[in-house]
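First up is the structure itself, then whatever we jot down about it.
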Amino acid sequence: MPEIPSKPISFEAYIYLKKLTNNEFISIIILPSSHKSTKVIKMNKIGWKRQRRLVLWFCSIVFQLFLLVSGSGTDHFRHTPLDDSQKLISTNPPVKLLISRNYVVMDNGIVQVTLTNPTGSIAGVRYNGIDNILEHDFKDTNRGYWDTVWERPGDKDHTFDMLLGTKFRVIAQDKNKVEVSFTKRWNPSINYSTAHDLPLNVDKRFVMLRGSSGFYSYGIFEHLKGWPTLILEEARIAIKLRRALFHYMAISDDMQRKMPTDEDRSDGQTLDYKEAVRLIHPSNPKLKGEVDDKYQYSLENKDIKVHGWVCNTPHVGFWVITPSYEDRNGGPMKQDLTSHAGPTSLAVFFSGHYAGPELGVILKEGESWNKVFGPVFFYLNSDSGDNHRTLWEDAKKQMQEETAKWPYDFPESVDYPHANERGTIGGQLFIRDRYINKDPVYAKSAYIGLALPGDVGSWQYETKGYQFWTQTDETGHFKISGVKPGTYSLYSWVPGIIGDYKYNYDINVKQGSDINLGHIIYDPPRNGPTLWEIGIPDRTAAEYFVPDPLSGLTNQLFNNTTQKFRQYGLWDRYTDLYPNKDLVYKVGVSDYRKDWFFAHVTRRTRSKNYIPTTWQISFELPRADPKGNYTLRVALASATYSHLQGRINNPSSQMPHFETPTIGRSNAIARHGIHGLYWLFNFQIQGLQLQKGENTIYLKQIKGGNPFYGHQYDYIRLEGPQQ
């Protein structure tokens, strides 16, 4: 914990009493060196009662000066009337704000948060008898912080920037709430060609509420018109917890365990990439021989709601709660990091993880952009027991309460509209596919959402605006609430149905809008009847065969579960299963759950080279229409430098009958993902290319030289000629 004076006031005067003899004291008033009248004032030796009266008189003057100084530095803030829950917390102590030259302290009697002044890093969090739950061996600016990774055209490498502020302001302060701001502003008058400074305005906000067991943080990023080109690769909040205290991590109901320490990882064996480490001599012997990798604990945006760590003694939990992903890039299925060994917890707002650099924010020269990230709630809980799941269940309950309060009514930034400043949109979605049903059917459990206007499916690449998603009910009805005013396109995709939907018209949402679109119909891609299909069109490869890891490369948490794809080294298991010949799938005989490997990867040779592989799909046709057009639909769940070529009935054909360009940089295979970005390819096959009886489609991933090159299939379907 940083050294903080016991009684800081706004201009940093401190009073010390030094005892002389019986009932006699000297009062020493120390003012900081920066103050104009800096000096040490020694008062004459006097009786204690008179001395006490003088000290109390001086303190009252100081307190009034503090109120004046604090008030003069407080922005006019938005008035929010107290609701019933806020009235209930009035029985708790009021929120206090203490300001010194180097630190700003928010304290509501439950949690005390210390922020560096004016840089705006989280230097300390005091809770339940723990003086600081953050790692005190780190610099006070390296314990809890915002950061981004950025570059500009011509840079040889990207820059890691901790977004340290240069100005502190009090935004709002009363007995129920404190909101403070730490800003970093770009000066366009500097020589941009020589000064390597981030051309972005950043406003980091921290909020503490009365009676709340935690604190909030949100940020406003701004790139003004006329400013230079900027590429933002990622942005996040990172929290580094106390290594001696926090050892148990919880990500979901079925992803919880005692974790290895940073020292365990440092002493371990680095595997095919630096994040993956095999534990050699861990402090917990039960973890010996296991693999630890932060990417094993990634989740989808829609599931990153609460995660964190538990301390044994005292029994305390620290949790990152994300009540909304409206500020996240890539929609509900985009995957990102959560918590990992350190102990570290993250709130990632955007990154290229499981997608590639397309999911960064690319701001063109002169482009104006503004976006609010968060608020994120950092929640602390405790009890007198030792059952970690009790704290987890309480954290989940708190997450549900935070989600129900979204959009929050307390943020003071005018860039964050409150609930009454937003709009609502609803309707009912149907699917019309006459080869499934002659009449439209309800689009059950469809993901449907608003994002900036674009092409069909563009939402998964959209990075600059906000996205608002929900799922339809059993009858296809949906309602999206809390939409920020703006112009959007409506997008959707339906589990079990191939392709993407986009509403025909852009939608303008205004403050107070309640838009009902009525019945809307999605016509998925379809040319003819299904002759055969492999997999389930759900944008993942989860239904396919996932092998067991090698015995010396396991993470026990993911054994014998639906999360087995998170194990390390599964790409090399393809070579173990198919050492000489590649996969052959016989339609009507093979079972994709057992016979279709979850990733189309390269094969490792004895000399440890990685060579392209060719998979075969063998199928029977009772007849082939030489004049008809057949359609092969290939949906990919992820791709990493993949180039797919297809040949029909002739694997030696010099030219492929169909192919994709080289696509994808998701790195999902290496990062234990079961999907990345979604791709759909529709290939036309002439009837003359097929024959009555047995046919074979050869699928070759032609990129070699790397174990992680390849792709994951979502779904493959062959359609006959239109009927």
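The values are calculated or read from the model by the stated rules, or taken from the named source; none is laboratory data. Fair warning: this is a prediction, and the values are worked out from it, not measured in the lab. Reconstructed Cβ throughout: ideal geometry from the backbone, glycine too, with neighbour counts over all protein chains shown. When the accessible area is computed, the model is the full protein with side chains, heavy atoms only, and any ligands, DNA or RNA have been set aside. Shrake-Rupley method; radii C 1.70, N 1.55, O 1.52, S 1.80 Å.
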Requested in this report: State all residues of segment 602-611 that are open to solvent by 50 Å² or more (accessible area, probe 1.4 Å) and within 37 Å of the chain's Cα centre (by Cα); if no residue qualifies, say none.
Outcome: R604, K608, N609, I611
Report task. Those residues that are out of contact with any His (no Cβ under 7 Å at 6 or more places or on another chain), in contact (Cβ under 8 Å) with a residue 60 or more places away in the chain, over 18 Å from K479 (Cβ atoms) and assigned to a loop (DSSP other than H, G, I, E, B), I need them from segment 501-545; list them, please. Result -> D523, P524, P525, R526, N527, G528, P529, I536, P537, D538, A542, Y544
Requested in this report: Test Q467 against the stated conditions and say whether it is open to solvent by less than 10 Å² (accessible area, probe 1.4 Å) and touching a residue at least 12 places away in the same chain (Cβ under 8 Å).
Outcome: yes
Report summary line: By my count, strands (runs of 3 or more DSSP E) wholly in segment 318-422 with at least 2 residues that are under 22 Å from Q112 (Cα atoms) and among the hydrophobic types (A, V, I, L, M, F, W, C) are 344-350, 369-382
Query raised in the report: Here is a list of conditions, (1) in contact with a Gly (Cβ under 9 Å, 6 or more places away or on another chain); (2) modelled with pLDDT of 95 or more, and E263 meets all of them except one; can you say which number that is?
Result: (1)
**Report entry** Criterion (in contact with a Ser or Thr (Cβ under 6 Å, 6 or more places away or on another chain) and in contact (Cβ under 8 Å) with a residue 12 or more places away in the chain) met by exactly one of L363, L380, L391
**Finding:** L380
**Report entry** Enumeration of residues in segment 283-317 that are among the charged types (D, E, K, R), open to solvent by 30 Å² or more (accessible area, probe 1.4 Å) and either within 14 Å of H340 (Cβ to Cβ) or in a loop (DSSP other than H, G, I, E, B) (or both)
**Finding:** K288, K294, K305
Report summary line: The residue that is least open to solvent (accessible area, probe 1.4 Å), considering only those in segment 477-500 that are within 22 Å of W369 (Cβ to Cβ) and not in a strand (DSSP E or B), is K484
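If I go through segment 550-565 residue by residue, how many of them are over 22 Å from Q701 (Cα atoms) and either in contact (Cβ under 8 Å) with a residue 40 or more places away in the chain or part of a helix (DSSP H, G or I) (or both)? Walk me through it before giving the result.
If we filter segment 550-565 for residues that are over 22 Å from Q701 (Cα atoms), which is where we start, we get 550-564.
Within this subset, residues satisfying the condition of being either in contact (Cβ under 8 Å) with a residue 40 or more places away in the chain or part of a helix (DSSP H, G or I) (or both) are 551-558, 561, 563-564.
Number of matching residues: 11.
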Requested in this report: Could you list all residues from segment 147-173 that are open to solvent by 50 Å² or more (accessible area, probe 1.4 Å), touching a residue at least 12 places away in the same chain (Cβ under 8 Å) and in a loop (DSSP other than H, G, I, E, B)?
Outcome: P153, H158, L164, T166
Requested in this report: For segment 672-701, name all the residues that are basic (K, R) and either open to solvent by less than 50 Å² (accessible area, probe 1.4 Å) or within 23 Å of D625 (Cβ to Cβ) (or both).
Outcome: K692
Requested in this report: Output the residues belonging to segment 621-656 that are over 34 Å from the mean Cα position of the chain (by Cα) and of a type in the set (G, A, S).
Outcome: A624, G628, G646, S652, S653
Report task. Please tell me if G330 is open to solvent by less than 20 Å² (accessible area, probe 1.4 Å) and under 14 Å from the mean Cα position of the chain (by Cα). Result -> yes
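Give the residues of segment 566-601 that are assigned to a helix (DSSP H, G or I) and either of a type outside the set (F, W, Y) or open to solvent by 30 Å² or more (accessible area, probe 1.4 Å) (or both), sorted by residue number. Outline the logic, then answer.
We begin by selecting, within segment 566-601, every residue assigned to a helix (DSSP H, G or I); these are 566, 570-577, 592-595.
Passing the criteria: R566, L570, D572, R573, T575, D576, L577, Y592, R593, K594, D595.
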